[in-house]
Structure formats: structure tokens, C-alpha cells
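Please read the structure below before turning to the comments.
The values are calculated or read from the model by the stated rules, or taken from the named source; none is laboratory data. Here the structure is a predicted model, which means the values were calculated and not measured. When we count neighbours, we look across all protein chains shown, and the Cβ atoms used for this are built from the backbone with ideal geometry, even at glycine. Protein only, heavy atoms only, side chains kept; ligands, DNA and RNA dropped before computing areas. Shrake-Rupley method; radii C 1.70, N 1.55, O 1.52, S 1.80 Å.
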Amino acid sequence: MLTTKKHIPLLLKTLLIIGFGYFFWLMLKITLEYIPFNPNVSFLMIKQTEVQDRPEYLSFFYTHVYTSIFVLLSGFLAILRKDFGFKNFHKNMGKIYIFLILILAAPSGIYMGFFANGGFLSKISFVILGTLWWFTTYKAYQAARQKRFKEHKQWMWRSFVLSLSALTLRIWKVIIVYLFHPNPMDVYQIIAWLGWIPNILLIEYLITKKQI
């Protein structure tokens, strides 16, 4: 029985790594659709109004898409809190993660939120998400600078589960479309909130219960 209990954390960590690897690969495939630059593929096909009327839109879009894949990878490696034989690996991954979000990914995401599909409800959700993403990441950076490492860890988890909204909103989309077949604009409004609110509620529960 004791042996079984010892193996449970290892099993969960293994499943976490495998699960993240699979969904990261799916996100990478989505990102590669936008290489080379082409405003007439995938998601951009339904954003032609912004593409044509707002010259800056594509710059923000590509900044967000290209940096987000590195945010997911560096964030996951930082969250594992291992150096894998490399000096300061965890610390350096954390620096990359924080820099990309504060300077590039979150600001571009907030901008794109103002033009999200699904009307006002979707727009306000994505703007709130982007703002919280920037804020939680900044708090993680601030806590690390002040050597408050327990708080740093908790803020990093808050930030990372918001980063994972890129994955979870797509999972929710598949589930909702498969089960309910709603109007496409209704789907955007639903997943705009489901993509990140359950994530942040779960991590707050774990922090409160001192699991993190």
C-alpha cells in the first residue's frame, strides 16, 4: 500500500507531462499554419475586416501567436522546477517566460481581445484574461525579485494556468460543439469565459488547500 502511494505522484507527473506534450504539439501545428506570413489561412480567414482595416492588427496577431508557443514551453519547464543538469535552467526558463508575457504576449493578447469574435461578452472576457495574465506574471516576477519564493511559486502557477487557457478553450470548444451544436458566435462567447475561469478557480483552490 505504501509503495502504491509513493508511485501515485510520479504517475500523475508522468500523465501531466504526456498530456501537456500532446496538447503542445497540437498548438505547435496551429502555430505552423501561420508560417510563412499569410493573412488568408485558418483563423485569419474570419478576421479579414481587421486585417484590411487595421494595418497594425497582423503585427499584434503574429506577435501573440509566435510568442505564445514559447510561453507555453518555457512556462511548463519552469513550473517543473528542475534544472535537468543545466546550471540555472529553471531560473532562465522563468526569465524567458516572464519576459515574453510582460513585453509581448499579454499586451498583444489584450489588443486582440478588443476585436474578439462573439461580441461584447467575448471581448470583455479576453481583455480581462490578458490583463490578469500580465498582472499575475508581474506579481510572480516581483516576488522573485524580493526573494519571496513561496509567493513567487503561487503567482507563477496563477500565471501559467492562464497561459493554459490557449489549450483549455480549444478543449471546451470541441466538447461544446460535439455535445450541443450551438451557433458559432455563441460558442465564442461561452469558451471565452470557460477557457480561463475554471483554471483560475482550480489553482486558487489548490493554493488555499496548501497543495501548491
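Cβ separations smaller than 7 Å between residues 6+ apart or across chains give the following pairs from the range 27-49 residues that are in contact (Cβ under 8 Å) with a residue 12 or more places away in the chain to residues that are surrounded by 15 or more Cβ atoms within 10 Å (Cβ to Cβ) and part of a loop (DSSP other than H, G, I, E, B): Ile46/Asn117.
Count of the range 112-135 residues, restricted to those that are of a type outside the set (S, T, N, Q) and open to solvent by 40 Å² or more (accessible area, probe 1.4 Å), is 10. Could you say whether any residue in the range 189-211 is in a helix (DSSP H, G or I) and basic (Lys, Arg)? No, the conditions are met nowhere in the range 189-211.
For the range 144-153, enumerate the residues that are touching a residue at least 24 places away in the same chain (Cβ under 8 Å) and either open to solvent by less than 30 Å² (accessible area, probe 1.4 Å) or aliphatic (A, V, I, L, M) (or both). Matches in the range 144-153: Ala144 only.
Against the test of being modelled with pLDDT of 95 or more and among the small types (Gly, Ala, Ser), the options Ala78, Ala116, Ala106 yield a single qualifying residue, Ala106.
Residues are listed down the side, and each one gets a yes or a no for (1) touching a residue at least 40 places away in the same chain (Cβ under 8 Å); (2) over 24 Å from Gly21 (Cβ atoms); (3) in a helix (DSSP H, G or I):
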{"residue": "Lys91", "(1), (2), (3)": "no, no, yes"}
{"residue": "Leu100", "(1), (2), (3)": "no, no, yes"}
{"residue": "Asn117", "(1), (2), (3)": "yes, yes, no"}
{"residue": "Gln142", "(1), (2), (3)": "no, yes, yes"}
{"residue": "Arg170", "(1), (2), (3)": "yes, no, yes"}
{"residue": "Val174", "(1), (2), (3)": "no, no, yes"}
